[in-house]
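First comes the structure, then the notes that go with it.
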Amino acid sequence: MRAVVLNPIISYILGMKKTLAVLMLSLLALGLLCAGGVIENQDAFYQNLQNTVREADKAQNTGATTVSDDRKIEENMAKITRLYKYLEQNYLWEIDHEKTYEALAEALFNSMGDKYTYFVKAENMDDYTESMMGKYGGLGFYFSKTYKEYQDPKDLTTIYCLLSQIFPDTPASRSGLLAGDLITAIDGTDTAELSANDCASKMKGDVGTSVTLTILRNGNSFDVTMTREKISVPSVVSEMLENNIAYLQILQFYDATAADISNAITDLMNRGMRGLIIDLRNNPGGDVSAALTIADMFISDADLLTINYKHKENNTTYRADLGVKVPTKIRVAILINGNSASSSEIFSSTMRDNGRAVLIGTKTYGKGIMQAVSAFGDAEISVTVASFVPPSGNEIHKVGVEPDILVPDIEIKEEEEEAYKALVSGSLIKDYVAAHPEYTKENVMNFVKENPDTGLSDEVVYLLVRNSYFSKMNYDQQPKADIWFDPQVRAALEYIKEGLIL
């Protein structure tokens, strides 16, 4: 089975990273380095992390390891030296010693078996710095490789990049790209052979440089060349739903997210907010200090997070200040799924553990570790140095956070693949939307009534028809929360309603 994306906002974003904090210490969320926070105690937060890494560097420089560790390191290095000298004496051709050193360093880091601990060679530093420091341009859209679309009706495996949202006044919008378009190639490279991260890497680049995308739309293929620009997309989306229940979506935790959330909450409270749904689905994480600052708006004088290091004397627990911005009488539901990671998991856990929210949806990704990033000669190294532990003491890393109320994602079963292919590659939905252009609950449901033999569950068809309507709307016109066909949003609404006097 595979999940159908419920929210029109997809997790992979072009042109949205923030600059790193000046400290050479950062918090990694699914491979993205994050900036310093906007909270009053952010300096203390990062100063503590910096001091911990400095102590580790000092210990390294003074050889502060156990006797047994020292002996094992010496034995291994002696073996490597013997192998290296053997090659030097017997290998037919000249040895590139710089290349050999970098290969040895890479192998050392790779042997840890931790994808977040790695060595970046000097020759790759420019690309690495651009990707981590946010020095690149974007095109102005969200895309996903969740959906399968088919250029050849017989092909059941090709997965292209599906554009889900086009933002106004961006290279993508000015080039006429539309939600629902497929990117089949990037500068001539077939996207079916690339991961979503690889696609994102190929599409981003320096501001002012160009990229050519091959677009598939309604069976017609054409090329579009665009010039990359600096793209600014908000990290927070909010709206008021029925019964003054507010919806607040956090797309990712940046250094400014806490301030954006504070402003959104002030606006929603001024409009009479009585309950709150916080949507963290597909949120890959980001700035930990921002997540803690937002939690502090709901939690008073309680533990928020403990950071555990290799040496226990460095462990640190962060607590919420006295007082809250959001009154405890306001019921909170948090939506999570398998793409909610890192800071999303920290925020969700501490809110649940402190009795401030119920978690609804499916189990999260499971990324609960922190990396120290620093220069090493002409190279760069990233090393996992600590783990995050919520107030409950439950591990997050490789475990994830379980919801309190399990509401499964809508899935397409294996036996439904053929029917799904036929519906998304045909014109049935597009023709219906053209004939019934107004997006209403009744119009979506009537499509199912008029077409009962699609071979798919009603829930899947509802989403496909809904998304077709959304593709015709400007971003500002789209409902931010789907209260009709999103079962997780509906479950959150029902949970909050139970605590209201209606």
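Points worth noting:
- Qualifying positions in the stretch 174-209 - basic (Lys, Arg) and part of a helix (DSSP H, G or I): Arg174, Lys202
- The condition (being surrounded by fewer than 24 Cβ atoms within 10 Å (Cβ to Cβ), within 25 Å of Met112 (Cα to Cα) and touching a Leu at 6+ places or on another chain (Cβ under 8 Å)) is satisfied by just one residue among Ser374, Ser342: Ser374.
- Some residue of the stretch 439-450 being basic (Lys, Arg) and free of Cβ contacts under 8 Å to residues at least 24 places away in the same chain: yes
- Within the stretch 84-121, being over 28 Å from Thr384 (Cβ atoms) and loosely packed, with under 10 Cβ neighbours inside 10 Å holds for Gln89, Asn90, Tyr91, Leu92, Trp93, Glu94.
- Verdict on Pro403 being touching a residue at least 60 places away in the same chain (Cβ under 8 Å) and part of a loop (DSSP other than H, G, I, E, B): yes
- Within the stretch 234-257, considering residues that are at pLDDT 95 or above and aliphatic (A, V, I, L, M), the one nearest to Asn283 (Cα to Cα): Leu248
- Test: residue in the stretch 438-447 that is among the acidic types (Asp, Glu), under 18 Å from Glu242 (Cβ atoms) and crowded, with 19+ Cβ neighbours inside 10 Å: no
- Residues in the stretch 453-502 that are part of a helix (DSSP H, G or I) and of a type in the set (A, V, I, L, M): 10 in all.
- A Cβ distance below 6 Å, combined with a sequence gap of six or more or placement on separate chains, defines the contacts here; from the stretch 465-492, residues that are over 23 Å from Pro403 (Cβ atoms) reach residues that are among the small types (Gly, Ala, Ser) in the pairs Ser471/Ala179; Ser471/Gly180.
- Residue list for the stretch 410-437, filter: of a type in the set (A, V, I, L, M) and in a helix (DSSP H, G or I): Ala419, Ala422, Leu423, Val424, Leu428, Ile429, Val433, Ala434, Ala435
- Count of the stretch 82-123 residues, restricted to those that are part of a loop (DSSP other than H, G, I, E, B), touching a helix residue (DSSP H, G or I) at 6+ places or on another chain (Cβ under 8 Å) and at pLDDT below 95, is 2.
- Of the residues making up the stretch 238-260, those that are under 21 Å from Gln477 (Cα atoms), surrounded by 18 or more Cβ atoms within 10 Å (Cβ to Cβ) and touching a helix residue (DSSP H, G or I) at 6+ places or on another chain (Cβ under 9 Å) number 8.
- Annotation note: Cβ proximity below 8 Å between a residue of the stretch 109-120 that is in contact (Cβ under 8 Å) with a residue 40 or more places away in the chain and a residue that is surrounded by 15 or more Cβ atoms within 10 Å (Cβ to Cβ) and in a loop (DSSP other than H, G, I, E, B) (sequence gap 6+ or interchain) occurs for Phe109/Thr117; Tyr116/Gly31.
- The set of residues in the stretch 448-468 that are surrounded by fewer than 18 Cβ atoms within 10 Å (Cβ to Cβ) and of a type in the set (Gly, Ala, Ser) comprises Gly455, Ser457.
- For Ser221, the criteria (1) surrounded by 12 or more Cβ atoms within 10 Å (Cβ to Cβ); (2) at pLDDT 85 or above; (3) outside any helix (DSSP H, G or I); (4) polar (S, T, N, Q) hold in every case but one, which is (2).
The values are calculated or read from the model by the stated rules, or taken from the named source; none is laboratory data. If you're wondering where the values come from, they're calculated on a predicted model, not measured in any experiment. Note that we place each Cβ from the backbone using ideal geometry, even for glycine, and neighbour counts take in every protein chain shown.
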